[in-house]
Amino acid sequence: MGKMTGPALTAAAACALLAACAQPPTPVQALPPGPTPDEVADYARALTQYRSGLASGDGDLVIKATNTFSLIAQEVLSRQDPRLFDAQVVCERYRVAGPHDRRDMQTTYEPQFGQDCRRIDWRYDQATIAIRRDLEARITAAERATIAQAGAGYP
């Protein structure tokens, strides 16, 4: 045992020295709670696709744009209100998996959980609607600024 202690101690000391000399990792910059410029641009592109799909009758394009709207709103909400987002995920998983009472006996927990999930669904829907309205307002403001800027050059 005495022979193993020396090399093991040397290896441990070397590892400690390397760890002490290593540069600390660069801190990751957290995303802001609101939409990022890329998310606003993606939402604007999806809005254009949505309008194009409606005009041309391309249902696949409409569905793709609608999915993009939902995904962007979910991403923004996950940063703005992570607790509500996590609660919605739990409720969604519960709905997919279903109740786990094998004897088909009602418990007092499941009806209460269902009521809680309905309230969470309502809050989630309201929050994502507000995020979508904010995104659309930002896009409209940017479009108006672009039009005003273009019109400023002409009498």
**Prompt:** Can you name the residue in the range 62-85 that is surrounded by fewer than 17 Cβ atoms within 10 Å (Cβ to Cβ) and small (G, A, S) and is also nearest to I129 (Cα to Cα) among such residues?
**Reply:** S70
**Request:** Please go through the range 13-49 and pick out each residue that is at pLDDT 60 or above, open to solvent by less than 70 Å² (accessible area, probe 1.4 Å) and not in a loop (DSSP other than H, G, I, E, B).
**Result:** E39, V40, A41, D42, Y43, A44, A46, L47, Q49
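The values are calculated or read from the model by the stated rules, or taken from the named source; none is laboratory data. Given the structure is predicted, the values throughout are model-derived calculations rather than measurements. Using ideal geometry, Cβ is built from the backbone for each residue, glycine included, and neighbour counts are taken over all protein chains shown. For accessibility, only protein heavy atoms count, side chains too; no ligands or nucleic acids. Shrake-Rupley method; radii C 1.70, N 1.55, O 1.52, S 1.80 Å.
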